[in-house]
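The values are calculated or read from the model by the stated rules, or taken from the named source; none is laboratory data. Since the structure is predicted, the reported quantities are computational estimates derived from the model, not experimental observations. For neighbour counting, all protein chains shown are included, and Cβ atoms are generated from backbone atoms with ideal geometry for every residue, glycine included. Remember, those area values only see protein heavy atoms, side chains included, never the ligands or the DNA or RNA. Shrake-Rupley method; radii C 1.70, N 1.55, O 1.52, S 1.80 Å.
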Amino acid sequence: MSTLVFNFKDDGFIPNNPTLPVLIVQGAFQGSTDIEDTFNKHNWKNSWVNGVFPYHHYHSNTHEVLGVKAGTARLIIGGENGEELTVQTGDVLLLPAGTGHKKLECSDDFKIVGAYPEGMSYNVKTGEESDRPQVLHDIEQVPLPMTDPVFGNKGPIFDYWHTNENPQISSN
C-alpha cells in the first residue's frame, strides 16, 4: 500500500483546494469488499455505489472519499490540466473540497463507493463563472474531517491534512 500526494492550483474553472492535497491510497482495500461499511464505521457516510461523472465537477461544501469497489478507470483529477490516473479495485481517493474529478474511461465492471465526513450532503459544481466567489468561500469553510475513512484515528488524513506540512509530489 502506498500513498500518492498531489496539489492542484485553481485553473480558473475548477478551484481545487488551496491548502489540502489529493491523496490516492493504492491498494487500501486489497481483497476486501467492505469498503462502504468501513467508510461508514469511520463516520464517512451519506454513501453511495455507482461511477464517476464523465465531466469535470467538484464539491465546494464537503470533502469526498472514493473507494474503487470493482474494475478499473482512468480519471483526471484537478481539472482539465490536472493529473490523469488509473485506479483499480482497492484504491481509495481522498478529494478535498473543491477538487475537480472526471471519468475518462472505465472497465465494464467499474464500481466506486463515495462517502462524506459526518455524512455531509454534497453539491455538484461544474466550474460555472457565476458560482464564484461563493464556492471559493465555501471551500475555505469546510472543516477537516475528524477521522480517516479507511483507518479511523490514524492514516493519510492525519499524515497529510492535519499538518501544516503538505508534501507535494505533483503541482499543477
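Listing for the model above:
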read-out: Accessible carbon and sulfur surface of the chain relative to its total accessible area, %, 1.4 Å; value: 46
read-out: Theoretical ellipticity at 222 nm over the chain - DSSP helices of four or more residues, -39500 (n - 2.57) apiece, nearest 500; value: -2500 deg cm²/dmol
read-out: DSSP-loop chymotrypsin sites (Phe, Trp or Tyr not before Pro) across segment 48-147, with at most 13 other Cβ within 10 angstrom; value: Y55
read-out: Neighbour cut-off at most 14 other Cβ (10 Å), DSSP loop, GluC sites (Glu not before Pro), segment 97-167; value: E118, E128, E165
read-out: Of the GluC sites (Glu not before Pro) in segment 20-95, those whose Cβ has at most 14 other Cβ within 10 Å and which sit in DSSP loop; value: E80
read-out: Magnitude of the charge dipole, the chain, Cβ model with Lys/Arg +1 and Asp/Glu -1, debye to 20; value: 240
read-out: Global form of the chain, assessed from the alpha-carbon gyration tensor, a/c cut-off 1.5; value: rounded
read-out: Distant-in-sequence amide H partners of T19 (H built 1.01 Å from N, under 5 Å); value: none
read-out: Relative contact order (%) - segment 15-172, alpha-carbon pairs under 8 angstrom, separation at least six; value: 33
